[in-house]
Every structure is written in structure tokens, then in C-alpha cells.
Amino acid sequence: MFASCSTATNYRTADGITDHGKTYIKIKGKRKLMVHDPLSLFRDNTYEDSLVIQVPSLTNCVLKGSQIPVEEGNYKYVGTVTISGTVLNVHLFIKNTSDHVDDPVSWNGTYELVK
């Protein structure tokens, strides 16, 4: 029952965005709220979340996770983001240097890239 708290649903499309000379991919999905009381557990509330990844371009490329900028203090990524035509494949892990484990991100999967 408690495993359902971490259920994530990703949308099938990802948006390609160019802003101020930089290029990004935005992936959206639904996430369940973290529950802290028994009543909220049964309400099944969700919210929309997103991941924005800076990429060199929206054309065919393979981007290594280590090339993705992250905010200071955050763990870096390992894995790849691949763009082939309008197909985006995300295969990323968070390089957890504290636990020495690479944790998969909930955004992994294949998307249709809308440019």
C-alpha cells in the first residue's frame, strides 16, 4: 500500500524550448503528494511536476549525464539523453556520492519530442 505513494506518471511528449540563446527539454508528468497523515493517504492527490534539461540542440545528439548542468549542491547525473529525430530517450541516474549508489530518475523513458 505504501509503495503507491511513489507512483509517477510521465506524459508521452516532451517540449523543446529555446530561450535567450539556450536550448532546453521540458518533460512533464504527474506525481502523488507525499502523505503525512492517514486521511491524505486515501485521497490520492496528485500534482504536475516537470524536469528541465539544458541540451546543446534539439537535433540528433547524445548528451552524457555529466554534461547536464545542475545547481550547486545537487548531485550530478550519469547516463544519457538521446535525441533522434523526434524521439527523445532519457536514461539518467543521480550520482549519489554519499551512498555510492546511482539512483534512477523517475523521468527515464522514451518521449515524442515536440520542437
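Values for this structure:
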quantity	calculated
The stretch 30-84: number of residues that are of a type in the set (K, R), modelled with pLDDT under 90 and either surrounded by 14 or more Cβ atoms within 10 Å (Cβ to Cβ) or in contact with a Pro (Cβ under 7 Å, 6 or more places away or on another chain) (or both)	2
Members of the stretch 93-113 found to be part of a strand (DSSP E or B) and within 16 Å of Y24 (Cα to Cα), listed by number	Y111, E112, L113
Filtered residues of the stretch 78-104 (kept if among the aliphatic types (A, V, I, L, M) and either more than 16 Å from R12 (Cα to Cα) or more than 11 Å from the chain's Cα centre (by Cα) (or both))	V78, I83, V87, L88, L92, I94, V101
Condition check for D15: of a type in the set (D, E) and modelled with pLDDT under 95	no
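The values are calculated or read from the model by the stated rules, or taken from the named source; none is laboratory data. All figures in this text were calculated on a predicted structure; none of them were measured in a lab. For neighbour counting, all protein chains shown are included, and Cβ atoms are generated from backbone atoms with ideal geometry for every residue, glycine included.
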